[in-house]
Amino acid sequence: MKSIFKLGLISLLALSLSSCEKWLDINVNPNSPTNLVASVDARLPWIQHHYQYAYGSASMRAGLITGTITNHAPTIANGLLAGWNPAQASSTTPYQQWFVGGACNIGDMIATAEKEEAWHYIGAAYTLRAMGFMLMLDWYGEMPYKEALGAGLTPKFDDGKTIFEGCMEELDIALTYFQRTQPTNATPLSKGDSWNGGDVQKWVRLIHGLKARWLNNLSKKSIYNPTAILAAVANGPQSNAQSTVINHVNDLSDVVGDVLFGDPLKTSYLFNTTAWSDGQRYTKYYTDLLENTFAGGSGIEDPRASKIIPYRHSHFVWNATTNSFEKGFLRSKGVDMITSDIRLNGGPMLMSFNTTTKKFFINTTNPLRLGDTVYVGMRALCAKTGATSPESLWKAADGTILNTGSFLTRPESPTFVMTYHEMMFIKAEVLLRQGDAPGALIAYKEGIKAHMELMNLSLATYTGSENPAKTPMSTASINAFLASAAVVQVPAQLTMAKIMQQKYIAMSLTQQNWNDMRRFNYSAANIGNFGNVYPGFERPFEFGTTHATKIPGTSKSEDNYWFRRMMSISHEMNYNSAQLKASNPKAFDVDIWSVPVWWDMQ
């Protein structure tokens, strides 16, 4: 298996070296890259890039499963996921990016780093290895781990417990290397680290944050350890400044692309996986949370709504006084995937714009679809799709804004790898489990505030932007929201549902949201005494007979009523079938999608 992955890596390096990205340059002859000559600082950013692409791809698909986004086309892979009628094609990208682009390179980087005593690169290598294999566990349940990167072509699959314990051990190994002082002649981590700029303490905070996240994912297990989780939280990021955040740019020279998919190298991973085209839409379930219009909601709009939900110019109105068309902005409605038959009736259809009449329209004779102009997609532009400036706005030929994009998915959107706000929501959950509602309330409110302030750090960099969704939230609006009825103010009123609702918003379009929903059995209301932790969430309205062959449960209390994992990819089924079958007796069954992974079982 390792030899196959290395062949892929050599092709990857050979075809991708012309990028001008600071972190993705190779300082050896680009015509003959080998695993023996690539330096540690040349190798690390590629591993980071391909791991994060794997995570970004998984996160976009998790967003489809957990009702954050949907796709206008119900029959393509993303549309099938949104309808809970998954196809195996949706399983491949995270596996491919992790193994072909990232994992196969780690052993060689460690060997090179050992020769020059570049200990911090070894620490980064073990951290990334743990992150990648934990993602494989979260997705597939079982995966080659111990034998994955060896010479054998049919490596044995390991169970989830083995992978989990191995990844936790690798985090501890990473910490020991970050605690060592590199000799002055060793390559400084700052030369190759595209995440934290060589800040060792941020890496240490990242590792403890990962421990807190993964240990908290064991909430169904008897080995769940609140003390260990809170200790990890205390050593994780304690401020936004200590968070690991990747800052992306929409560079007009970024046109070479990733060899695996051709996507730009400097743009955000959620842009590459979510907003490259116009097909994705936010759901009503998600926009209702931001607008507080869900059942029992306060009706007080979250200031993040105007930054996350896309806008377009509205229909123009002729002003006789100024002798011109006046433009307004219309914010997208969310697509109702839970109570509406919209996709069963051909919607939401993509809109068009007439530059002569200044009208948005749907090109159809179906009267049910004529109103679909209220649904604005998430598309933004990069250099490879026609951007002529770093602004990323999608415009018509006459300058009309067709889409402002979303804070989460523009080419220049930040990637939040490990954050202070996540630590606060984990702390709030653990403290509430322990009966400390006052402490949980403080952490819950701090998590909301920290997320808004972290968003503002990025929004503040968009000076001079013509995009109305790129202005920072005012301090007054943040404080007013935090003091409003939309946020719990009294410890006795704090529930797990309230904590997870705000965590769901703050962790939008991340794999962790799917992990959390699985831990609480979605809206089954059968975990402890927490009640319904995700009220209003149901299977998609279009869920039918075909879907039920894959997720067959008939009662919310049954594990297999819910979407639990991804099917293994076709490469493993075709070329490593015996080992795959041995790893899980249902590995080849059509309902494998509903089988819980290891940490999702009691």
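The values are calculated or read from the model by the stated rules, or taken from the named source; none is laboratory data. Worth saying up front: this structure is predicted, and the values here are computed from it rather than measured. Using ideal geometry, Cβ is built from the backbone for each residue, glycine included, and neighbour counts are taken over all protein chains shown.
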- Task: Search region 376-387 for residues being touching a Gly at 6+ places or on another chain (Cβ under 8 Å) and modelled with pLDDT of 95 or more, and hand back the single one that is farthest from Lys284 (Cα to Cα).
- Result: Ala380
- Of the numbered conditions (1) under 18 Å from the mean Cα position of the chain (by Cα); (2) of a type in the set (S, T, N, Q); (3) modelled with pLDDT of 95 or more, Ser298 fails exactly one; give the number of that condition. (1)
- Note on the structure: With the first residue restricted to region 71-90 and required to be on the phi > 0 side of the Ramachandran plot, and the second required to be in a loop (DSSP other than H, G, I, E, B) and at pLDDT below 95, Cβ contacts under 8 Å at 6 or more apart or on different chains are none
- Single match in Ile426, Ile478 (criterion: within 21 Å of Gly528 (Cβ to Cβ) and either outside any helix (DSSP H, G or I) or of a type in the set (A, V, I, L, M) (or both)): Ile426
- Looking only at region 130-142, decide whether some residue is closer than 22 Å to Ala587 by Cα, among the small types (Gly, Ala, Ser) and either buried (at least 24 other Cβ atoms within 10 Å of the Cβ) or touching a helix residue (DSSP H, G or I) at 6+ places or on another chain (Cβ under 9 Å) (or both). yes
- Query: Is region 537-554 home to any residue that is surrounded by fewer than 14 Cβ atoms within 10 Å (Cβ to Cβ), modelled with pLDDT of 95 or more and closer than 28 Å to Gly297 by Cβ?
  - Reply: no
- Which one is nearest to the chain's Cα centre (by Cα), of the residues in region 217-241 that are surrounded by fewer than 20 Cβ atoms within 10 Å (Cβ to Cβ) and farther than 27 Å from Asn521 by Cα? Asn240
- Message: Criterion first (basic (Lys, Arg) and touching a Pro at 6+ places or on another chain (Cβ under 9 Å)) does Arg379 satisfy it?
- Response: yes
- Of the residues in region 497-544, those that are of a type in the set (S, T, N, Q), farther than 23 Å from Gly83 by Cβ and not in a loop (DSSP other than H, G, I, E, B) number 2
- Task: Take region 271-309 and flag every residue that is farther than 18 Å from Gly334 by Cβ and crowded, with 20+ Cβ neighbours inside 10 Å.
- Result: Phe271, Asn272, Thr273, Trp276
- Query: What is the residue count in region 545-581 for residues that are part of a loop (DSSP other than H, G, I, E, B) and touching a residue at least 12 places away in the same chain (Cβ under 8 Å)?
  - Reply: 14
- Would you say Asp341 is surrounded by fewer than 21 Cβ atoms within 10 Å (Cβ to Cβ), under 21 Å from the mean Cα position of the chain (by Cα) and modelled with pLDDT of 95 or more? no
- Counting only residues that are without any contact (Cβ under 8 Å) to a residue 40 or more places away in the chain, in contact with a Leu (Cβ under 9 Å, 6 or more places away or on another chain) and not small (Gly, Ala, Ser), how many does region 164-199 have? 1
- Task: For Trp214, state whether it is in contact (Cβ under 8 Å) with a residue 12 or more places away in the chain, touching a strand residue (DSSP E or B) at 6+ places or on another chain (Cβ under 9 Å) and crowded, with 16+ Cβ neighbours inside 10 Å.
- Result: no
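Every residue, every condition in (1) outside any loop (DSSP other than H, G, I, E, B); (2) not β-branched (Val, Ile, Thr), yes or no:
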{"site": "Asn250", "(1), (2)": "no, yes"}
{"site": "Gly257", "(1), (2)": "no, yes"}
{"site": "Phe261", "(1), (2)": "no, yes"}
{"site": "Thr267", "(1), (2)": "no, no"}
{"site": "Asp278", "(1), (2)": "no, yes"}
{"site": "Tyr282", "(1), (2)": "yes, yes"}
{"site": "Tyr286", "(1), (2)": "yes, yes"}
{"site": "Leu290", "(1), (2)": "yes, yes"}
- Apart from one, (1) assigned to a strand (DSSP E or B); (2) surrounded by fewer than 21 Cβ atoms within 10 Å (Cβ to Cβ) all hold for Ser389; the odd one out is (1)
- Query: Within the group Val245, Val233, which residue is touching a residue at least 24 places away in the same chain (Cβ under 8 Å), assigned to a strand (DSSP E or B) and under 18 Å from Leu454 (Cβ atoms)?
  - Reply: Val245
- Message: Given the options Arg213, Arg281, name the one that is among the charged types (D, E, K, R) and out of contact with any His (no Cβ under 8 Å at 6 or more places or on another chain).
- Response: Arg213
